[in-house]
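What follows is a single structure, written as structure tokens, with notes after it.
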Amino acid sequence: MGAKRIRMVPVGIGLILAFLPPAAQASDQGESTAPKPPEWVLHAKYAPVVDPANFVSKIDNRYFPLKPGTGFHYQGVKDGSPQSDDMVVTHGVKYVLGIRCTVVRDTVSQHGKPLERTFDWYAQDKQGNVWYMGEDARELKNGRFVRASDSWQAGVKHAKPGVIMREHPRAGDVYRQEYYPPGGALDQAHVVRTTATVRVPAGTFRRVLVTDEWSPVEPQIERKYYVAGIGEIKEQVTAGGHEQFQLVRLGH
């Protein structure tokens, strides 16, 4: 499931971006142009520093807890077609830049058949921030899963890690979630607010964290909703496309 801000509150890193979005293009979904880049996007060099000694083995950030064995089942629609998204926190471990990462498997299906399968790697530092260390993304082509071009791993081919979730997100914060220009992994996030009330099939939640994400490679704005103790409960493209997923079921 899926970075943007105005005020930079560093987490010991320079959270910036040196790429401008491509020119607006016509959307195949009937929109005349892609949305303009938000005012909060970052335009500067990005040079995060990570120290393996500053990381812990457990990911218990309140908005992004990853307990092995937990499964999230989302349902939604993309470009008019019903789809489902199953995210499972595996017991697998991968070391990236010498840092122990939790492996999360994410499978997007349509009509019961998998279309995309991604293995994401996350790690939490001692300050409670959850870092995104890379992903092995696979997409279905000619009946086989092949590696997608936006797959990346921190430390390989100049790819750099980003922060997927702050320990103390505050409205106005902006941060880089991933950085891999060759493959187009350039998401950044903006904290919109922390007090929303949101209803999804899994229930009604209050004090919900709301973020917007933007990438210059795929110029659309995606709004995400997170609940303390659970994680992401909803995501929706609000400009530049037609896509929405909501949490239906959470299992352990």
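Each reported figure results from applying straightforward, stated rules to the coordinates on display, with no laboratory input. Computed from a prediction, not measured in an experiment: that's the story for all the values here. Positions of Cβ are generated from backbone atoms using ideal geometry, with glycine treated the same way; all protein chains shown enter the neighbour counts.
Quick notes on this structure:
- Farthest positive-ward along segment 7-251 dipole, Cα basis, beta-carbon charges - from 44, 220, 162: 162
- Mean projection area, nm², convex hull over Cα of the chain: 12.8
- Amide hydrogen neighbours beyond the local backbone of residue 101, cut-off 5 Å, H modeled: 94, 95, 96
- Our estimate of slack between residue 77 and residue 158, defined as 0.36 nm per intervening residue step minus the Cα-Cα distance, is 25.7 nm.
- Fewest neighbouring Cβ atoms within 10 Å first, the residues 60, 212 line up as 60, 212.
- ³J(HN,Hα), Karplus 6.51/-1.76/1.60, whole Hz, each residue of segment 219-236, x for Gly, Pro: x, 9, 10, 10, 9, 10, 10, 10, 10, 4, x, 10, x, 6, 10, 6, 9, 8
- HN-Hα J in Hz across segment 60-75 - Karplus 6.51, -1.76, 1.60, θ = phi - 60°, x for Gly and Pro: 10, 3, 5, 8, 9, x, 10, 8, x, x, 7, x, 10, 10, 10, 10
- Sequentially through segment 165-176, phi angles give Karplus couplings (6.51, -1.76, 1.60; θ = phi - 60°) of 7, 6, 5, 10, x, 10, 3, x, 4, 9, 8, 7 Hz, Gly and Pro residues having no value and appearing as x.
- Inter-centroid distance (Cα atoms) of segment 129-179 relative to segment 104-118, Å: 17
- With contacts taken as Cα pairs under 8 Å and at least 6 residues apart, segment 7-251 reaches a relative contact order of 20 percent.
- Available extension along the chain between residue 44 and residue 126 is 26.9 nm, counting 0.36 nm per residue and deducting the alpha carbon span.
- Set of lysines near residue 36 by C-alpha distance (under 26 Å), chain-local residues within fewer than 8 positions excluded: 4, 45, 78, 160, 224, 234
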